[in-house]
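Reading through the structure tokens given below for one structure.
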Amino acid sequence: MPVLGFSHYNLRADRATLDVLRDFYIDVVGLRAGMRPPFASFGYWLYIGEQAVLHLSEARSHEQRRAHANGTFDHVAFECSGLAEFEAHLEARGIAFRRAHVPLLDLWQLFFLDPAGNGVELNFAGSEGR
């Protein structure tokens, strides 16, 4: 009964916030909008290649609190390339970020928040930070 891989994560919010999050993850992070089955509820699926990695789902008014019920979600991480370009991209949009290096893995990381306050981490090969 092994786990075979990562599928997606889901953010729930009102429709206006979903639109802001969709635009952020497309314009800032680089995901792309794609096919979403015709569910009864409103939402978006955002993709990396052929994989829908982020589902944005409309929360009905009575569900607004459920999204942060346990308060344990910290961030999502993406593997990326183009560290210098991403830094310039974030700076041009006025998005505050923190840069970190993981020496043991020779990995560079950028940390910032999405418009809903969820953490985003972008990971780059160590050679990009030299």
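Okay, here's what the table says:
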| item | result |
| --- | --- |
| Tilt relative to the chain, helix 15-24 - C-alpha long axis, 0 to 90 degrees, to 10 | 20 degrees |
| Cα-based convex hull volume of the range 1-64 per residue, rounded to whole Å³ | 112 Å³ |
| Amide proton proximity set for Ala33, modelled H, under 5 Å, gap of 5+ | Tyr47 |
| For the range 1-23 and the range 107-127, distance of Cα centres in Å | 17 Å |
| Between helix 83-92 and the chain: long-axis angle, C-alpha atoms, 0 to 90°, nearest 10 | 60 degrees |
| Amide H within-cut-off set for Val76, under 5 Å, with H built and near neighbours excluded | Gly119, Val120, Glu121 |
| Furthest towards positive pole of dipole, Gly43, Gly30, Phe112, structure part the range 22-130, Cβ charges | Gly43 |
| Charge dipole magnitude, Cβ of K and R +1, D and E -1 - the chain, Cα centre, debye nearest 20 | 400 debye |
| Principal axis dimensions, the chain - Cα atoms, whole angstrom, descending | 49, 43, 30 |
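No lab work stands behind these numbers, since they all come straight from the coordinates. What you see is a predicted model, and the numbers here were worked out from it, not measured in a lab. Note: ideal-geometry Cβ built from the backbone for every residue, glycine included; neighbour counts use all protein chains shown.
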